[in-house]
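Comments concern the structure below.
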Amino acid sequence: MKSFIILNLIVLVQLFLTVHFKAVADESNEINIIPETFVTLDKYKNVTVWRNDGNANKNLQPLIDNPSAVYYKNQLNKFELSIYNALEKICNQKQVKYLAVTITKLEKFKVEKSKYDKLVGRAVGAFMRDNQEYWWIHSYEKSGSVANGYVSKVTVKIVSEYTIAEINKYNSKILSTAKSIAEQANKEKTLYKKLLYIHDYLVKSITYTEGEGSVYHNLYGALINKKCVTQLSGC
């Protein structure tokens, strides 16, 4: 009888430990949702300097000595690059189809939730600095999830004042105008003369304005409407 009681106690202890460790394991594997937040690019804020990357500007520095045209991309780590490349994939299309992208399986980079805002901001900021031809990007929303203590998924939704149909329509006009300018510039014999032609064309054809609409901050406003804001980097 005594042995039976001891055996039952051992079984109960084992059951308790099994349930306890399973609960701990489940807690550590719990997926925590990172709520969606809205970020307006500094280009459209009332600031004197266009940083174009939300609050992450201080984490990106210009690489003046780098010969690559993709200056800011070169500063990113692998986690940030996965976001940058995903954005490039949906934007660098003859016909834009999507304004949102979700990147999964990010936990392999071991990025803690506390670094989520900074790194996503750096990724989107670098993308916008390197690719200002994607004129339709006004702001963005970011969200994600954490698994096993690390950021596992990130979703970036591009916020634009234009529909996808409008983006493709207007972008076609921009590319046509840019091609026409380039063809005329290429008739010049030297690189200096070609660049001078482009410079003079823009100076003569664009009227500077104090308009507050986002169209005055992008290529469509400058090349098609022939107007843009007076900030040096506004267009």
Calculated from backbone phi, Karplus (6.51, -1.76, 1.60) coupling profile of the range 71-85 in Hz, x at Gly/Pro: 5, 7, 4, 5, 8, 8, 8, 5, 4, 5, 4, 5, 6, 3, 5
Cut-off under 5 Å, modelled amide H: who pairs with residue 209 long-range: 228, 229, 230
For residue 100 and residue 188, calculate 0.36 nm times their separation in residues minus their Cα-Cα distance, and state this gained length in nm to one decimal. 27.5 nm
Counting only residues 5 or more places away or on other chains, whose amide H sits under 5 Å from the amide H of residue 34 once H atoms are built in the peptide plane? 144, 145, 146
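What's the extension gain from residue 115 to residue 32 if we count 0.36 nm per residue and subtract their Cα-Cα distance?
Working: separation 83, 0.36 × 83 = 29.88 nm, distance 1.48 nm.
Value of the extension gain: 28.4 nm.
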With a 27 Å threshold on alpha-carbon distance, the violating pairs from 157/194; 94/226; 187/226 are 157/194
If a/c stays under 1.5 just call it rounded; otherwise compare a/b with b/c (prolate if a/b is bigger, oblate if not). Do that for the range 97-235, with a ≥ b ≥ c from the square roots of the Cα gyration tensor eigenvalues. prolate
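Every number here is computed from the coordinates shown, using simple stated rules; none is lab data. Everything quoted here is computed from the prediction, not taken from an experiment.
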